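Each remark here refers to the structure printed beneath this line.
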Amino acid sequence: MIGNPLNGDPIEIARQAGKRLHHFPGGLRLRHNKKVSCELPIERAPLPPRLFVPLRLHGGREAEPVVDAGQRVLKGEPVGELRDDPGGCVHAPTSGTVSAITRHPVSHPSGLDGRCVVIKPDGLDRWTTLRPVNDWRTADPGALRAAIHRAGIVGLGGAVFPTSLKVEEASERGIHTLILNGAECEPYISCDEMLMREQPGSIVLGAQILQRAVGAERIVIAIEDQMGAVLEALRGAVREARAEHIDIVRVTTIYPEGGEKQLVQVLTGLEVPSGGRPTDLGLLCQNVATATAVAQAVTEGQPLVERVVTITGNGVRRPRNLLAAIGTPISSLIDQCGGYTDGAARLVLGGPMMGYALPSDANPVIKAANCILVLTAEEIRPRQPELPCIRCGECARVCPALLQPMHLDWTIRNGLWEEAVETGLDDCIECGCCDFVCPSHIPLVDWFRHGKSELRGRELERRRAATARQRYEARAARLARQQEERRRQREEKKRALGDDAARQERIAAAVERARRRRDGDR
Ligand code: SF4
Ligand code: SF4
C-alpha cells in the first residue's frame, strides 16, 4: 500500500494476476490477429540503399539539420536538433554519407511531406564514440536521466512523447511506482510481445535503470493474460536479475487496456484526473520497448536509432517482426516479408483502431511506427454513408474515458469550442471504440481529431496574438520612455540656458558696477 498524493488515501496496486484488479469503463473485446506475426523470431532488416531520416519530432515540430549534404556521418551522430527542447535530437541510424536534406513523404496523419536527412549507408554500420554510464547501480540518478536525454528516446508505444521529459517530471514530483506497459491491446500489433519474449533481460534491466533514475520504490510490469510465453520469459529474467521486487501482473485482454490511463485504472482502481497524468497519482508509465531503449542508452551509450516493427495483415506474404533502422522505407520491409499478396489494398501505420492510412510505401519508418498493417480489399470496411445520430448511446457505453461522444461531436460540428473542452475533448484518447460501434457510421474520431487540431491552431493563434500584443506594448512603452527622455533633456537644456542668461546678466551688472566705480574714482 502506498499513499495517494491526491488525497492521502493508500493506493493498492494489483500484484498478481487476477487479484485486486479493477476495470475501466467501456472498451471492446476484439479479435487479436497477432498469432500470425509471432510465428517467426524478430529479424534485423537489411539497410536500404537510402535512409530517409525525418526531422519532424513529437508535437509536429521539426529539428534543424546540423549536417550538410556530402558530409560523412557515423551511426549515432546527431543529424538534427531542436535546440530549445529536451529530447529533441535526431541521430544517424547508420554510418554513411548525407546525400541530401530534402522534403520527402513522412508518416504522419496529415499526409504532408516533411524534411528528411537522406543518408547513403556505407555498409560498415560504424558507431560514433559512445558515452555509456559506468555503473548504473551506483551512478547518480541525474546522470541516468542525462543519458536518456542524450539518446533522444521517446515513448515507443506510439505516443512518442519524449521520455526525458516524463522522467524529469517524475523525479521532480516524486513517484512511488514505475509501471511498464506491455499490455499491447490493439489487434495485429505484436512488436512488444515479441520483444518481451526474446529480450526480457533487457526490459528488466531498463526497468531497474528507470527505477533508479526516478527514485521509484517498486516496479510493476503489466502484460495481457493471453501472453503465456511472455510471462515465463519475464519471470526468468526477473529471477536472473535477482529483482524479486518486480511484479508481473496479467491484465484481462480488452481494448484499449494498453492506454496509459486505462492501465492505471485497472491496476489501482483510480482515475487519472481529467487533464492530468499518472504522475498526479505517484505513478510513471513507460512502454516495455522504451525500457529496452533506456537500457541500451545507459549501458551502451546508444541513441535510439532503430525499433521493432510488426509487418502484418493479409496483404503481406510473410508477416513478422523486424528490427528496422529509423528512416528505412516501408517498401524495403515489405520486400523482407516476401512482398505484397495479390489482394493488398491499403497500408496502415499502427493498428486497425488507432492507425492511419499511408499514401505510399516510400514513407520511412519513424519512431512511432509500431506496426505496418497491409489490408486486403476484403478487409477494408467500405465507407458507409453517414446517417443522422439516433441517440442510441452505444458510443457512450463503450467510451473508456466516460465521454458522451455524440454530444462532443455536436459541439465540434457547431464550433462550440469552449463546450467541447468542457465536455472532455482533451480526455479523448482517440481509441476509436465509439466509431466502431456507431450504427449511423458517423466518423466520430475524425471529428475529434479535427476538433483537437482546431483547438491547437486557436491556441497557437492566441499565443501569437499575445506575443504580438506584448511586443506592441513593449514598443509603445519604449517610445514613451524615449519621448519622456527627450522632453527631460529639452527642459534641462532650457534650464541650463536660463541659468546661463541669469549668469550673463549678473556678470554684466558686476561689470557695469565696476565701470561706474572706476568712472566715479576719476
Ligand atoms: S475515441 Fe474518444 S470519445 Fe470515442 S470512445 Fe475513444 S476516448 Fe471515447
Ligand atoms: S453511437 Fe452513433 S448513433 Fe448512437 S448515439 Fe452515438 S453517435 Fe449517435
Legend entry - Those residues of the stretch 330-345 whose amide nitrogen sits under 15 Å from the label point placed on Ala377, 7 Å along Cα→Cβ: 341-345
Legend entry - Projected-area mean, the chain, by convex hull of Cα positions, square nanometres: 38.7 nm²
Legend entry - Distant-in-sequence amide H partners of Gly155 (H built 1.01 Å from N, under 5 Å): Val160, Phe161, Thr163
Legend entry - Amide proton proximity set for Thr253, modelled H, under 5 Å, gap of 5+: Asp225, Gln226
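Sequence gap at least 6, Cα distance under 8 Å: using those rules, report the relative contact order of the stretch 16-307 to the nearest whole percent.
For the stretch 16-307, the relative contact order is 24 percent.
Per residue, how much accessible surface does the stretch 45-165 expose to a 1.4 Å probe? Answer in Å², no decimals.
Heavy-atom accessible area per residue stands at 45 Å².
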Inset, instruction - Counting other Cβ atoms within 10 Å, keep those with at most 16, restrict to DSSP loop, and tell me which trypsin sites (Lys or Arg not before Pro) in the stretch 127-219 are left. - result: Arg137
Inset, instruction - Check the chain and count each lysine pair with an alpha-carbon distance under 23 angstrom, considering only pairs eight or more places apart or from different chains. - result: 11
Inset, instruction - List the relative contact order of the chain as a percent without decimals, with contacts defined as Cα pairs under 8 Å and 6+ residues apart. - result: 17 percent
Inset, instruction - Please list 308-317, 62-71 highest first by mean number of surrounding beta-carbon atoms within 10 Å per residue. - result: 308-317, 62-71
Inset, instruction - Find the accessible area per residue for the stretch 394-450; the probe is 1.4 Å, ligands and nucleic acids are left out, and the unit is Å². - result: 44 Å²
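Kyte-Doolittle mean at least 0.0 and Cα extent at least 20 Å along the axis: which DSSP H helices of the chain qualify?
Length and hydropathy pass: 200-214.
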Legend entry - the chain, accessible surface, carbon-and-sulfur percent (1.4 angstrom probe): 49 percent
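At a 10 angstrom cut-off on C-beta neighbours, averaged per residue, how do the peptides 502-515, 254-267 rank from highest to lowest?
Descending mean neighbour count gives 254-267, 502-515.
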Inset, instruction - Evaluate the relative contact order of the stretch 308-376 (contact order divided by residue number), counting alpha-carbon pairs under 8 angstrom at least 6 apart; express in whole percent. - result: 42 percent
Inset, instruction - Hey, can you grab everything whose amide H is under 5 Å from the amide H of Ile326? Only 5+ residues off in sequence or another chain; H modelled, so Pro and N-termini drop out. - result: Glu306, Arg307
Inset, instruction - Counting only DSSP beta bridges with both residues in the chain, tell me the antiparallel percent, nearest 5. - result: 65 percent
Legend entry - Extension gain from Arg72 to Leu165, taking 0.36 nm per residue of separation minus the Cα-Cα distance: 30.4 nm
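The values are calculated or read from the model by the stated rules, or taken from the named source; none is laboratory data. Worth saying up front: this structure is predicted, and the values here are computed from it rather than measured. Note: ideal-geometry Cβ built from the backbone for every residue, glycine included; neighbour counts use all protein chains shown. Protein only, heavy atoms only, side chains kept; ligands, DNA and RNA dropped before computing areas. Shrake-Rupley method; radii C 1.70, N 1.55, O 1.52, S 1.80 Å.
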